[in-house]
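One structure below.
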Amino acid sequence: MAIRTQVSLTLNDEATDFLCEPRQTLLEVLRDELDLTGSKEGCATGDCGACSVLLDGRVVCSCLVLAVEAAGREVTTVEGLADGERLHPLQTAFLEHAALQCGVCTPGFLVAAKALLDRNPDPSEREVRYELAGNLCRCTGYDKIVRAVLAAARTMREANGGGGRARGE
Amino acid sequence: MHEIRYSAPATVPEAVALLAADGGAARVLAGGTDLLIQLRAGTCPARHLIDVKRITELARLEWDASGALHVGAAVPCWRLAEDRRARATFPGLVEAAALIGSTQIQSRATIAGNLCNGSPAADTTPALIALGAVCVAQGPRGSREIPCESFLLAPGRTALQPGELLTEVRVPAPAPRSADCYQRFTPRNEMDIAVVGVGASVMLGPDGRCTAARIALGAVAPTVLLAPDAAGVLVGTTLDDAALDRAAEAARAIARPISDMRAPADYRRELTGVLVRRVVAEAARRARGGK
């Protein structure tokens with residue numbers, strides 16, 4: 001039996017502890033030990049982005065992070081986006097724009113888009129496409145996803161009482 | 001993935017002691033974006049991972065009094081790409097760092113890891129070589145410096161001795177009227193690996209003539225190549241078309257690319273000349289004060 005290590009971290013704003021083997025990825029622990037199955041395993045090589053989570057506010061592929069590396073850090077998964085029953089504006093926009101079909105890539109897109117909007121509340125379409133290049137979708141196509149992210153950005157800026165910066169492009 | 005032991009030392013001496021004690025079974029874990037894939041694929045036999053991200057000293061991205069940039073071995077690409085002074089001072093290096101993988105990969109992958117992974121197609125390596133950057137390694141017998149162009153010995157093999165840790169990459173202060181540039185060719189705009197990548201830096205005299213240059217070629221040989229002859233033909237010229245042609249020719253002459261799924265060898269050799277021309281011209285434009 002492999003030695004298991006205790007890991008303490010902040011997961012979706014709550015202090016959390018778990019036991020894991022050093023070889024287990026953060027994705028495996030989230031899904032198999034903590035029952036947070038929103039994050040998906042697509043490629044397991046960091047190419048598809050379906051396992052995207054925030055680690056200290058930066059978007060990472062949780063298949064390329066060992067769970068032990070997350071000790072003492074803040075992790076946000078797609079389960080941490082909604083506020084109780086109230087969906088995050090990105091989630092609402094994805095529904096309104098039909099920005100999903102099978103849904104496997106959706107959690108990763110939502111988390112990556114949140115990371116983008118947290119840093120850049122008023123991205124251009126080009127910026128959205130560039131920043132989300134690490135998330136692959138095999139059915140909806142990217143257009144609706146990009147439109148949903150831009151719409152969510154507008155909603156969030158209006159909610160914050162600003163029209164956004166003047167765009168120089 | 002096979003069973004592994006994980007250590008997260010807080011200091012460089014602790015990390016070096018762990019590396020030295022475990023001989024060939026230990027590997028340094030920084031961003032993990034190459035290493036964890038290799039472990040899962042069974043192509044890396046490491047039994048002990050030494051995570052260097054808890055070492056404060058290795059997380060620093062700092063400028064010293066001379067104007068040199070110190071990039072700690074645990075600094076992820078995004079920190080370099082978002083650093084204003086780095087963008088203004090070493091735009092070519094920042095370009096290279098910002099090209100690696102996706103936003104997700106940028107959050108984790110490090111410049112030092114890009115070097116240590118030892119790929120001949122690594123994007124930051126030609127940019128670092130063009131800038132005359134130096135690798136600082138700490139081992140059981142002290143520290144030593146290795147020029148970036150001597151760091152790679154073969155694909156996946158570096159000059160680090162057993163027990164040695166790459167602690168930082170130091171980029172010397174830029175000379176007046178100098179600038180760098182890095183470009184690569186890929187079939188896709190993002191999330192791809194260089195078919196050919198070229199880094200260059202040029203320095204101009206007060207009369208606008210080139211006084212020094214460095215050119216490095218990626219993905220055209222088993223290791224990233226410094227191209228001294230290509231750089232040498234530029235010195236004394238105004239970096240006009242004829243000079244760029246001669247540099248392109250000299251670079252093509254030392255390229256010894258392979259044919260693989262990305263491109264045939266002939267195509268890579270031709271592309272080497274094209275990119276050398278473009279990259280030197282852009283570095284020159286920047287050195288003349290163009291934004």
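The values are calculated or read from the model by the stated rules, or taken from the named source; none is laboratory data. Just so it is clear, the model here is predicted, and its values are computed rather than measured. All Cβ positions, even for glycine, are placed from backbone atoms using ideal geometry, and neighbour counts span all protein chains on display.
Observations, loosely collected:
- Counting only strands (runs of 3 or more DSSP E) that sit wholly inside the stretch B:1-92, those with at least 2 residues that are more than 12 Å from chain A (Cβ to nearest Cβ) are B:26-29, B:61-63, B:69-72.
- A Cβ distance below 6 Å, combined with a sequence gap of six or more or placement on separate chains, defines the contacts here; from the stretch B:18-47, residues that are within 25 Å of B:SER107 (Cα to Cα) reach residues that are among the acidic types (Asp, Glu) and modelled with pLDDT of 95 or more in the pairs B:LEU29/B:ASP51.
- Some residue of the stretch A:33-45 being more than 13 Å from chain B (Cβ to nearest Cβ), among the β-branched types (Val, Ile, Thr), part of a loop (DSSP other than H, G, I, E, B) and free of Cβ contacts under 8 Å to residues at least 24 places away in the same chain: yes
- Of the candidates B:PRO13, B:PRO76, B:PRO9, the single residue that is surrounded by fewer than 24 Cβ atoms within 10 Å (Cβ to Cβ) and in contact with a helix residue (DSSP H, G or I) (Cβ under 8 Å, 6 or more places away or on another chain) is B:PRO9.
- B:ALA175 falls short on exactly one of the conditions (1) touching a residue at least 60 places away in the same chain (Cβ under 8 Å); (2) assigned to a loop (DSSP other than H, G, I, E, B), and that condition is (1).
- Any hit, the stretch B:193-206, residues being in a loop (DSSP other than H, G, I, E, B) and buried (at least 24 other Cβ atoms within 10 Å of the Cβ): yes
- Options B:ARG262, B:ARG256, B:ARG268: the member that is crowded, with 20+ Cβ neighbours inside 10 Å, among the charged types (D, E, K, R) and more than 15 Å from B:TYR182 (Cβ to Cβ): B:ARG268
- Residue in the stretch A:78-101 that is at positive phi, within 14 Å of chain B (Cβ to nearest Cβ) and either surrounded by 24 or more Cβ atoms within 10 Å (Cβ to Cβ) or of a type in the set (A, V, I, L, M) (or both) present: no
- So A:THR16, is it closer than 30 Å to A:ALA93 by Cβ, more than 11 Å from chain B (Cβ to nearest Cβ) and either aliphatic (A, V, I, L, M) or surrounded by fewer than 16 Cβ atoms within 10 Å (Cβ to Cβ) (or both): yes
- Out of A:VAL68, A:VAL60, sole residue that is touching a strand residue (DSSP E or B) at 6+ places or on another chain (Cβ under 7 Å), in a helix (DSSP H, G or I) and either within 11 Å of chain B (Cβ to nearest Cβ) or at pLDDT below 95 (or both): A:VAL68
- Entirely in the stretch B:225-291, the helices (runs of 4 or more DSSP H) that have 3 or more residues that are more than 23 Å from B:PRO206 (Cα to Cα) and within 21 Å of the chain's Cα centre (by Cα): B:241-254, B:265-287
- For B:ASP64, the stated conditions do not hold, so it cannot be described as surrounded by fewer than 23 Cβ atoms within 10 Å (Cβ to Cβ), at pLDDT 95 or above, under 20 Å from B:CYS116 (Cβ atoms) and under 23 Å from the mean Cα position of the chain (by Cα).
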